[in-house]
1. Those residues that are out of contact with any strand residue (DSSP E or B) (no Cβ under 9 Å at 6 or more places or on another chain) and at negative phi, I need them from the stretch B:98-114; list them, please.
2. In the stretch A:18-42, what count of residues is obtained for those that are more than 7 Å from DNA strand D (Cβ to nearest atom) and surrounded by fewer than 16 Cβ atoms within 10 Å (Cβ to Cβ)?
3. Being farther than 27 Å from B:SER136 by Cβ and part of a helix (DSSP H, G or I), is that true of even one residue in the stretch B:203-213?
4. Does B:ALA240 qualify as being open to solvent by less than 60 Å² (accessible area, probe 1.4 Å), in the same structural domain as B:MET300 (by TED's automatic domain parsing) and within 24 Å of B:SER138 (Cα to Cα)?
5. Please work out if B:VAL130 is part of a loop (DSSP other than H, G, I, E, B), surrounded by 23 or more Cβ atoms within 10 Å (Cβ to Cβ) and away from DNA strand D (no atom under 16 Å from the Cβ).
6. Look at the stretch A:43-65 and say how many of its residues are near DNA strand D (Cβ under 8 Å from one of its atoms) and touching a Leu at 6+ places or on another chain (Cβ under 8 Å).
7. When the stretch A:43-73 is examined, which residues are found to be open to solvent by less than 50 Å² (accessible area, probe 1.4 Å), out of contact with any Ser or Thr (no Cβ under 6 Å at 6 or more places or on another chain) and assigned to a helix (DSSP H, G or I)?
8. So in the stretch A:139-189, with the set limited to residues that are touching a residue at least 40 places away in the same chain (Cβ under 8 Å) and aliphatic (A, V, I, L, M), which one is surrounded by the fewest Cβ atoms within 10 Å (Cβ to Cβ)?
There are 2 protein chains.
Amino acid sequence: MNCARPNRASKQMSRSTIKDIAKALNLSVSSVSRALRDSYEIGEETKKKVLEYAQSVNYRPNPIALGLKERRSHSICVIVPEIANNFFSEVINGIDRAAYSKGYNVFIFQSFEDGVRELQCIEHGIDRHVDGFIISLSGATGTYGHLDVLKEEGIPTVYFDRVPPFDQVDKVVVDNFEGSYNGIKYLIGLGKKRIAHISNPLNLSITKERHAGYLACLQDHGIEVDENLIQFCGFDPAEAHQTIQEMIAHHKPDAFFINSDRLTLNSLRAIKENQHLLNTSIEIVGFTNFKHVGLFNPPMIPIRQPAEAIGAKTVELLIEKIEAKRHVREPATYTLKTTLATNSMVS
Amino acid sequence: MNCARPNRASKQMSRSTIKDIAKALNLSVSSVSRALRDSYEIGEETKKKVLEYAQSVNYRPNPIALGLKERRSHSICVIVPEIANNFFSEVINGIDRAAYSKGYNVFIFQSFEDGVRELQCIEHGIDRHVDGFIISLSGATGTYGHLDVLKEEGIPTVYFDRVPPFDQVDKVVVDNFEGSYNGIKYLIGLGKKRIAHISNPLNLSITKERHAGYLACLQDHGIEVDENLIQFCGFDPAEAHQTIQEMIAHHKPDAFFINSDRLTLNSLRAIKENQHLLNTSIEIVGFTNFKHVGLFNPPMIPIRQPAEAIGAKTVELLIEKIEAKRHVREPATYTLKTTLATNSMVS
DNA sequence: ACATTTCCTGACAACGATTGCGTAAATTTT
DNA sequence: AAAATTTACGCAATCGTTGTCAGGAAATGT
């Protein structure tokens, strides 16, 4: 008897709304809304009718309308320097899986190592009413003022890997110091004495920690630090080539320790290209999450970060913060362990 | 003289809205809206006042409210099987850059090679009123019914790389046939006669095309096809190991041709692990966009896809469709060329 | 001096969904 | 039987923005 409109259901020109359902069933929008949310003030019979009809027209609530009304969007925003990176793409995987299983949608933005762009990403997220942020900072800027909005507006945020240097935020990191330390220890164990350190510029916390691990391990083993063996280098392959070439030609290292994922691959290539200048065998240890390091020649030992676990942990912390009704836990830093994959064929 | 509220501007508890500006300037919301959109029906003086105040409180229009009102969101949705993949992450880079420069926002979703999840991604995009889709299909399903929504609702869509087998859609692909063909030709030129073909299952168009290129080139050079040398293999490393081991042990290939990015890396590893079973030197050609193939041992020649260019092209086509007022161009397929990087140290 | 045009601005509805409040009918209580 | 309560639903406001329509004031034309 109710004047349903079969043409709406079949053709479905555009998404059917709560209003369409109301009209079709001769109900008010509020009743339909409440029926769908299983409110106690709607009769069982009506509820069933609504639910069935909604099903039949494949009704899905409009998240935009919802986002406008409520203050939240059931989605989180991930900002990374770049996606085309072994480590970050793995972390994103972890985030995506974890968030999905909790019913959250994930928006992924790239800062392209640019602080301005990073701020734009944050603003985009805020404008779209995301419930929280997961951020790994761009390396270009040494300033953190653009992160203040997040604090001021009280938007739940978790940082990972490249974290800001202040305390009152949640962070998920790895023990970079230990990772470095163990890598250097391994090299020393092989009898290496002149371990070159190829590092990114020190404006990121992780870089500093890794650098510190290098220094500490040398000192602990009574090896004097030779400043000539420490070189800083950006992400440009040509720059890596130049740096490595000079290092090999002038400072005769017997091993390399390399500081970050992208730099490791660039450097390895530069080492290969300059192999003819070497007269000793060389050992290489470097941070990288590339899965098939075992294929490399010259061979190298990777220091791996548990990327998926890091992603999963950030989501866990973030959602905890988002859904915390009251008593907000104190911000804390969660530290996971790196792995020195000395037998890299088995990973 | 206008009763502005400095506390709003400084504290900025939450985003300031058009309504706040109206209140502060003693105007109506509609006037403010028009002033901001530079409407001709607002006095110069008022316009200036509004613009300045908006600037001072860092006003940004709320895209959610806008998306609700209008039918569009100035954003596009990218769906790929997975991000943690050399090729896809590079394409995403291209997409992101191109879209950004045209003022579009990019949402990135992963289907995880799952057709159901792929549909969910599409629905998410639709629900969020994205203006268009850029999709590379998941490999798991051989059905395409879940793409019908896009057609029915007339949402601009461009497919790339893994495209559906029907005609009335825009596609950006590479010449897979030629890519394979040239790869095989190179191997034949080296004197290879028993070229093993490791391929993904044939349910994707790109796989079929690459397979066809392999067959055609052998035939053109008078080499009989040995079915034993053709093996199909999924994305699991253990499966690749098994496949390669059997191939080497039983069928004595003198070269390998591998069909897809991920499979290439898995297979290369398997080949390395079984190298002791080989008594001849082996040559390897495979599709991959990994940047540092020159580091690999055993060495291999990569067939590369112009990933960033593919991304840029998809965006160009999509935005053209989105912004087309009338006369919609006929759907077409755009084919870019692969590169056989025979000197892979220089890339 | 009066009618008409131009210029500027405000009120209101709409987009889709939720929610507090109001209320008629049905049911229970006294 | 009257009063109180419960049940089941509708109305209207709200979120931020745009667009349609209407209207007041000033400027122009007769």
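The values are calculated or read from the model by the stated rules, or taken from the named source; none is laboratory data. Keep in mind the model is a prediction, meaning the values are calculated, not measured. Cβ placement follows ideal geometry from the backbone for every residue including glycine, while neighbour counts extend to all protein chains displayed. For accessibility, only protein heavy atoms count, side chains too; no ligands or nucleic acids. Shrake-Rupley method; radii C 1.70, N 1.55, O 1.52, S 1.80 Å.
1. Selection gives B:ALA98, B:SER101, B:LYS102, B:ASP114.
2. The qualifying residues number 5.
3. Filtering the stretch B:203-213 down to residues farther than 27 Å from B:SER136 by Cβ leaves none.
No, the stretch B:203-213 has no match at all.
4. Details: open to solvent by less than 60 Å² (accessible area, probe 1.4 Å): yes; in the same structural domain as B:MET300 (by TED's automatic domain parsing): yes; within 24 Å of B:SER138 (Cα to Cα): yes.
Taking the combined requirement at face value, the residue satisfies it.
5. It is true that B:VAL130 is part of a loop (DSSP other than H, G, I, E, B), surrounded by 23 or more Cβ atoms within 10 Å (Cβ to Cβ) and away from DNA strand D (no atom under 16 Å from the Cβ).
6. Qualifying residue count, the stretch A:43-65: 2.
7. A:THR46, A:LYS47, A:VAL50, A:TYR53, A:ALA54, A:PRO63, A:ILE64, A:ALA65 - these are the residues of the stretch A:43-73 that are open to solvent by less than 50 Å² (accessible area, probe 1.4 Å), out of contact with any Ser or Thr (no Cβ under 6 Å at 6 or more places or on another chain) and assigned to a helix (DSSP H, G or I).
8. A:VAL169
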